[in-house]
Ligand SMILES: [Zn+2]
């Protein structure tokens, strides 16, 4: 199913199945954000992955209830959308050279990231029983370079590990509504010509 087109149905499905873990295996940002929103709402951990353009590297992220969500992670790192900025209907029989450079990744490169994805997912499911990685539990983002790209990835076949904290203004897992309302009240109260809120309360 298209989770972005029918988010409510996707949420109902997840609620019915009530899984221990969701794996985000889709290849575009909007669907990953929908999976994130549903997971945060239902309190289900997610392990997701993405391969960067050309398969030069990839990322694997893990979210748990109460910790940073995918929205926090993308906001913190300001990760670029790895999907190519091309029309949705790409004609794979007539790709031009730019499209080939930006869209193609060797299956070898994709599998490398998929294996890390699967390992992190298994590690989370088996936590407390078997330790497959030995990673500190707070690590929630792994970026793995498949090859050396000067200026971006200086070492081939190398992983970097990150602990991304909750973003206080995250629209998904933060509490921006309360902050916005409190800020709006403060601004309104300070405007000239506005009735003092305490006076108006005392006349009720
Ligand atoms: Zn968040």
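The values are calculated or read from the model by the stated rules, or taken from the named source; none is laboratory data. This structure is a prediction, so every number in the text was calculated from the model and none was measured. Note that each Cβ is placed from the backbone with ideal geometry, even for glycine, and that neighbours are counted across all protein chains shown.
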Inset, instruction - For region 59-67, indicate whether the set of residues that are part of a strand (DSSP E or B) and over 20 Å from residue 174 (Cβ atoms) is non-empty. - result: yes
Inset, instruction - Output the residues belonging to region 65-79 that are touching a helix residue (DSSP H, G or I) at 6+ places or on another chain (Cβ under 8 Å) and either more than 9 Å from the ligand (Cβ to nearest atom) or at pLDDT below 95 (or both). - result: 65, 74, 79
Legend entry - Enumeration of residues in region 135-152 that are over 14 Å from residue 62 (Cβ atoms) and in a loop (DSSP other than H, G, I, E, B): 146, 147, 148, 150, 151, 152
Legend entry - Among residues of region 9-25, those that are within 23 Å of residue 171 (Cβ to Cβ) and either at pLDDT below 95 or in a helix (DSSP H, G or I) (or both), counted: 6
Inset, instruction - Please work out which one of (1) surrounded by 19 or more Cβ atoms within 10 Å (Cβ to Cβ); (2) within 16 Å of the ligand (Cβ to nearest atom) is the condition residue 43 fails and give its number. - result: (1)
Inset, instruction - Say whether the condition of being under 12 Å from the mean Cα position of the chain (by Cα) and in a strand (DSSP E or B) is met by at least one residue in region 26-45. - result: no
Inset, instruction - Within region 166-204, work out how many residues are within 16 Å of the ligand (Cβ to nearest atom) and either part of a loop (DSSP other than H, G, I, E, B) or at pLDDT 70 or above (or both). - result: 10
